[in-house]
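K.L.:
Structure below; questions to follow.
The values are calculated or read from the model by the stated rules, or taken from the named source; none is laboratory data. These numbers were taken from a predicted model, which means no experiment stands behind them. Please note: Cβ atoms are built from the backbone with ideal geometry, for glycine as well, and neighbour counts cover all protein chains shown. These area figures cover heavy atoms from the full protein model, side chains too; ligands, DNA and RNA do not enter into them. Shrake-Rupley method; radii C 1.70, N 1.55, O 1.52, S 1.80 Å.
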Amino acid sequence: MARPLTATIDLNAILQNYRYAKKLQPTCKAFAVVKSNAYGHGAIEVAQHLDDEVDAFAVAAIEEAIALRDSNVTSSVMMLEGVFEADEWALCEQHGFWAAIENDIQLEWLFASKAKIEKIFVKLDTGMRRLGVDKDGAQVLVEKLKASGQVDEVLLMTHFACADDLSDITTMEQLTYFERTRHAIGGIEASVANSAAIMKWSVPEGGWIRPGIMLYGISPFAELTGQQLGLVPAMTLSSKVISVRSLKEGDKVGYGLSYVATEGHQLATVAVGYGDGYPRHAQGGTPLKINGMPAVLAGRVSMDMITVKLANSDQQLEIGQEVVLWGEGVPVEEVADFASTIGYELVTRMTSRPHYCYQTLHEIK
Ligand SMILES: Cc1ncc(COP(=O)(O)O)c(C=O)c1O
């Protein structure tokens, strides 16, 4: 016997979502962004499943890139934030990693290392003010990299601040600045688009797109779920009812006794909690399903357990019933909304405690 909490990951769903991203931007090559443990889905398992298909993977840091190589992943891997220390360039050469460059220190370390790198992405700050250089800085970086003879191809990249908000003109302003810079430099490939931009904005033809959250079937937009966007959710977090009791009007439940029954009803205790990654701030009313029946959170989330009630009091609760916390039939985006966060955070903050079960459930189109 084991605790019943399981994250079932459908690897074919991720493959299908990758293909969908490429279909939306057919002139582009696509990174599969697998940073942060593939947004909580398991970077090794995801990368091994996608290895024969992807144009390249993208990660945040060299540790994540090396972990892929150590698991026999052979596709190219790009480090989205570049190197953090000088000696990483030698490792990039050794493993064939590509990297972003966003400052002079990273450049000096590259020259000092004499490492030969296949592709470097110069990061242009088009308005997000997080990483990157301005137009003149980008021109200088590109010229120096090209003159160094250490790099086979230099590309220009940027990242959008507001692509998830379709009414915000910032994305168009960032794109205009990007394209102006790219044309001033001349003859250089682009990489601009995250999931939101791939799905809803017009991005430069050719070059590299960088789908992350959409690979996992989750929407980057507040008002839409992944399924509504034509994506296939990849993770279902499920557990079981481990205890059932009857409450009468006025009975109080859980830490702080914050839930008070306004009428008599059954209450189920389910094996999942914030120690697993279920959000502690999820409010009463957060949706879930028990044996396919709509149910809601009632009371505070504990480390290992939650307490829930059925939406329809004519139905019966029993120990052992299957509970879906998110995934199949319960959009993670809706759960996130009840916890004042986004789907990205819920899946990425999953801990190692649930059982992870990898399947290829989805038939690939
Ligand atoms: C530089 C960069 N590119 C692409 C992505 C993927 O973004 P998304 O998950 O919204 O598709 C990220 C994610 O944070 C990123 O930092």
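K.L.:
Of the numbered conditions (1) farther than 29 Å from VAL330 by Cβ; (2) within 14 Å of the ligand (Cβ to nearest atom); (3) open to solvent by less than 10 Å² (accessible area, probe 1.4 Å), LEU110 satisfies every one except a single condition; which is it?
P.N.:
Going through the list (1) farther than 29 Å from VAL330 by Cβ; (2) within 14 Å of the ligand (Cβ to nearest atom); (3) open to solvent by less than 10 Å² (accessible area, probe 1.4 Å), LEU110 breaks only (2).
K.L.:
Can you confirm whether region 278-288 contains a residue that is outside the structural domain of CYS162 (by TED's automatic domain parsing), within 27 Å of GLU363 (Cα to Cα) and of a type outside the set (S, T, N, Q)?
P.N.:
Yes, the conditions are met somewhere in region 278-288.
For every residue, the table says whether it meets (1) exposed (fewer than 14 other Cβ atoms within 10 Å of the Cβ); (2) touching an Asp or Glu at 6+ places or on another chain (Cβ under 7 Å); (3) modelled with pLDDT of 95 or more.
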residue	(1), (2), (3)
PRO204	no, yes, no
LYS240	no, yes, yes
VAL244	no, yes, yes
LYS248	yes, no, yes
GLY256	yes, no, yes
VAL270	no, no, yes
HIS281	yes, no, yes
LYS289	no, no, yes
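K.L.:
So is GLY275 within 22 Å of SER258 (Cα to Cα), within 26 Å of the chain's Cα centre (by Cα) and in contact (Cβ under 8 Å) with a residue 40 or more places away in the chain or not?
P.N.:
In short, yes.
K.L.:
Next question, about the same structure. Just need a number here: residues in region 78-102 that are more than 19 Å from GLY132 (Cβ to Cβ) and of a type in the set (A, V, I, L, M).
P.N.:
3
K.L.:
Okay, next question. Only residues that are more than 12 Å from the ligand (Cβ to nearest atom) and more than 18 Å from LYS23 (Cα to Cα): list them for region 52-63, please.
P.N.:
Selection gives ILE62, GLU63.
K.L.:
If the requirement is being at pLDDT 95 or above, touching a Pro at 6+ places or on another chain (Cβ under 8 Å) and not in a loop (DSSP other than H, G, I, E, B), which of these qualifies: ALA32, ALA100?
P.N.:
ALA32
This table checks each residue for (1) in contact with a Lys or Arg (Cβ under 9 Å, 6 or more places away or on another chain); (2) away from the ligand (no atom under 16 Å from the Cβ).
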{"position": "PRO26", "(1), (2)": "no, yes"}
{"position": "LYS29", "(1), (2)": "yes, no"}
{"position": "PHE84", "(1), (2)": "no, no"}
{"position": "GLU93", "(1), (2)": "yes, yes"}
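K.L.:
Tell me which of these ASP51 doesn't satisfy, since it passes every other one: (1) out of contact with any Phe, Trp or Tyr (no Cβ under 9 Å at 6 or more places or on another chain); (2) closer than 16 Å to ASP10 by Cα.
P.N.:
Just one mismatch for ASP51, condition (1).
K.L.:
Pairs only if they're at least six apart or on different chains, beta carbon under 9 angstrom, first in region 57-84 and within 21 Å of ASN103 (Cα to Cα), second away from the ligand (no atom under 16 Å from the Cβ) and in a loop (DSSP other than H, G, I, E, B); list them, first residue then second.
P.N.:
ILE62/GLU85; VAL77/GLY96
K.L.:
Separate question: Working carefully through the options ALA268, ALA197, ALA184, ALA193, find the one that is hydrophobic (A, V, I, L, M, F, W, C) and in a loop (DSSP other than H, G, I, E, B).
P.N.:
ALA193
K.L.:
With the structure loaded, tell me whether ILE198 is within 15 Å of the ligand (Cβ to nearest atom) and in contact (Cβ under 8 Å) with a residue 24 or more places away in the chain or whether it fails that test.
P.N.:
Judged against the criteria, ILE198 is a match.
K.L.:
Would you pick out the residues in region 330-353 that are not in a helix (DSSP H, G or I) and not polar (S, T, N, Q)?
P.N.:
Selection gives VAL330, PRO331, ALA339, ILE342, ARG349, MET350, ARG353.
K.L.:
Please indicate, with yes or no, whether at least one residue in region 153-169 is closer than 25 Å to ILE62 by Cα, away from the ligand (no atom under 14 Å from the Cβ) and not polar (S, T, N, Q).
P.N.:
Yes; the residues of region 153-169 include at least one that is closer than 25 Å to ILE62 by Cα, away from the ligand (no atom under 14 Å from the Cβ) and not polar (S, T, N, Q).
K.L.:
Is it the case, given these coordinates, that THR341 is within 16 Å of the ligand (Cβ to nearest atom) and under 26 Å from ILE213 (Cβ atoms)?
P.N.:
yes
K.L.:
Still on this structure, I have one more. For region 1-22, state whether one or more residues are at pLDDT below 95, small (Gly, Ala, Ser) and outside any helix (DSSP H, G or I).
P.N.:
Yes, because at least one residue in region 1-22 is at pLDDT below 95, small (Gly, Ala, Ser) and outside any helix (DSSP H, G or I).
K.L.:
Could you please let me know if GLY212 is buried (at least 18 other Cβ atoms within 10 Å of the Cβ) and in contact with a Gly (Cβ under 6 Å, 6 or more places away or on another chain)?
P.N.:
no
K.L.:
Need the failing condition index for VAL133 against (1) of a type outside the set (Asp, Glu); (2) loosely packed, with under 13 Cβ neighbours inside 10 Å; (3) within 16 Å of the ligand (Cβ to nearest atom); (4) closer than 26 Å to SER76 by Cα, just the number.
P.N.:
Failed condition: (2).
K.L.:
Sticking with this one: Quick one: would you say TYR344 is in contact (Cβ under 8 Å) with a residue 40 or more places away in the chain, open to solvent by 50 Å² or more (accessible area, probe 1.4 Å), closer than 27 Å to ILE44 by Cβ and hydroxyl-bearing (Ser, Thr, Tyr)?
P.N.:
Yes, satisfied.
Table: residues versus (1) at negative phi; (2) free of Cβ contacts under 8 Å to residues at least 40 places away in the same chain.
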| residue | (1), (2) |
| --- | --- |
| GLY132 | no, yes |
| LEU145 | yes, no |
| ILE185 | yes, no |
| PRO204 | yes, yes |
| ILE209 | yes, no |
| GLY217 | no, no |
